[in-house]
Amino acid sequence: MVMSYFQPETETMPVSEIKKLQSEKLVRQVRHVYKNCAPYRAKMDEAGVSPEDIRGIEDLHKLPFITKADLRDNYPYGLLSVPKSECVRIHSTSGTTGRRVVAFYTQHDIDLWEDCCARALAAAGATSEDICQIAYGFGLFTGGAGLNGGSHKLGCMTLPMSSGNTERQIQFMNDLGTTVLCCTPSYAAYLAENMRERGEAENPLRIGIFGAEPWTEEMRRSIEDALNIRAYDIYGLTELSGPGVAFECCEQHGMHINEDHFIAEIIDPETGEVLPEGSKGELVFTSLDKEAFPLLRYRTRDICILSRKQCSCGRTFIRMTKPMGRSDDMLIIRGVNVFPSQIETVLLNNGYTPNYQIVVDRVNNTDTFDIMVEMNEDHFTDTVSGVTAQEKKLASAMKMMLGINPGIHMVAPHSITRSEGKAVRVVDKRKLLSDSQWKG
């Protein structure tokens, strides 16, 4: 495969130059947030750290961590580091109890974000000759906007389809000759299934850029075989910008992190100690260029491994594995962040005790999501119609909170297995990347 880059001088920069650039940007970014963001200034003062103490990336460990709790506590404008008049857009995550994470963008922030997404497309082999169909959701979700902008930057003819309306997706794909598909892996699998059911043995696709939810190597091969494409992973967080923080190249073995814009660390999730390269731990990011909503040492809660082993694609950016799990209780289901605390809130608001169990599985490459809820005395019924009515009411309330439809199953009191007196809240049967699948 011919190596393809969007910004070759940056993407193949010597590691020594990358670290020098990161140091210069880190010093500038720390001064920016200390001067313009009161919560950051308070956290640094509490930790006994001043901007003068940060002289380069070797001092990064002196800075305090930022967590999702900090983002929620300062909702909506607390962590904004420029005047509101300089912001041109916001994106948002789903909220755990109604308090969402809102990320702000200046035009400069959007330009750099779109550059990162263009790099991801180019790394997968896309060029200005391609027709790129964006089937990620648009709106507050970052997926659609990020890849749409990256596709424009690369010069592709771009179809901003958004998610859903599968029949139209397939029609436009065939009629216009789409060659690059951007969506969640589960939706790619669903599209393939629909095309197979329609008897369409061929399609014009050659590349897929899939992210926003966990997926296995087995699922990758299944999608590649079904659509006759090469499928590439992409990683990002709304808190940092969106997709394009890291991306796969032709080697399809770990995602290159855009190190000119982000510093990645691996820490022990229990102690916060920085771990050496090759260690499995929690991924922490520092954004070096973000103006409106810069995050320093943000704990992603994703568990992975970093490697700077030379890559055959020629890129010098460090690589990260697919996330191997979480250090908190968040689940990613069909691209949506789901917290048990959200489910507890709905149950309590509807008069139930928080005795439940979440069961997540993957069937035919699509996540299944079921919630077992123990009935209590106030809601107990032995009629099928009574149980069904409760399940429908709860399912509607859960959809309002989560943005995703779970299957609700009412079960008898005390029927959910306890371990040492505590219910097992989450049963995740999906098989993701194991340590043995990562060779650095």
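Residues in region 12-59 that are polar (S, T, N, Q), more than 30 Å from Arg315 (Cα to Cα) and without any contact (Cβ under 8 Å) to a residue 24 or more places away in the chain: Ser50 only.
Among what's in region 19-54 and is polar (S, T, N, Q) and farther than 15 Å from Val82 by Cα, pick the residue that is surrounded by the most Cβ atoms within 10 Å (Cβ to Cβ). Across region 19-54, the extreme among qualifying residues is Gln22.
Considering region 317-334, the residues that are open to solvent by less than 40 Å² (accessible area, probe 1.4 Å) and at pLDDT below 85 include one that is farthest from Glu248 (Cα to Cα), namely Met330.
At least 1 residues being among the aliphatic types (A, V, I, L, M) and under 24 Å from the mean Cα position of the chain (by Cα) is the threshold, and among the helices (runs of 4 or more DSSP H) wholly inside region 1-86 those reaching it are 15-36, 68-73.
Only one entry in Glu259, Glu270 is surrounded by fewer than 20 Cβ atoms within 10 Å (Cβ to Cβ) and farther than 17 Å from Ser151 by Cα, namely Glu270. Within region 168-194, the set of residues being surrounded by 21 or more Cβ atoms within 10 Å (Cβ to Cβ), more than 19 Å from the chain's Cα centre (by Cα) and aliphatic (A, V, I, L, M) comprises Met173, Val180, Leu191, Ala192.
In the condition set (1) open to solvent by 30 Å² or more (accessible area, probe 1.4 Å); (2) modelled with pLDDT of 95 or more, Met1 is compliant with all but (2).
Restricting attention to region 345-365, the residues that are closer than 25 Å to Ala192 by Cβ and at pLDDT 85 or above total 4.
Within the bounds of region 403-410, is there any residue that is among the hydrophobic types (A, V, I, L, M, F, W, C), free of Cβ contacts under 8 Å to residues at least 40 places away in the same chain and either crowded, with 17+ Cβ neighbours inside 10 Å or not in a strand (DSSP E or B) (or both)? Taking every residue of region 403-410 in turn, at least one turns out to be among the hydrophobic types (A, V, I, L, M, F, W, C), free of Cβ contacts under 8 Å to residues at least 40 places away in the same chain and either crowded, with 17+ Cβ neighbours inside 10 Å or not in a strand (DSSP E or B) (or both).
Considering only region 78-87, state which residues are touching a residue at least 24 places away in the same chain (Cβ under 8 Å) and open to solvent by 50 Å² or more (accessible area, probe 1.4 Å). Hit for region 78-87 is Glu86, nothing else. The set of residues in region 361-376 that are in contact (Cβ under 8 Å) with a residue 12 or more places away in the chain and either of a type in the set (Asp, Glu) or more than 19 Å from Thr345 (Cβ to Cβ) (or both) comprises Asp361, Arg362, Asn364, Asn365, Thr366, Asp367, Thr368, Asp370, Glu374.
Got a sec? Which strands (runs of 3 or more DSSP E) wholly within region 251-335 have at least 3 residues that are free of Cβ contacts under 8 Å to residues at least 24 places away in the same chain and over 20 Å from Ile57 (Cβ atoms)?
Here the list is empty.
The values are calculated or read from the model by the stated rules, or taken from the named source; none is laboratory data. Every value quoted in this text rests on a predicted model; they were computed, and no experiment measured them. Positions of Cβ are backbone-derived with ideal geometry, glycine not excepted, and every protein chain shown enters the neighbour counts. We work out accessible area using only protein heavy atoms, side chains counted, and drop any ligands, DNA or RNA first. Shrake-Rupley method; radii C 1.70, N 1.55, O 1.52, S 1.80 Å.
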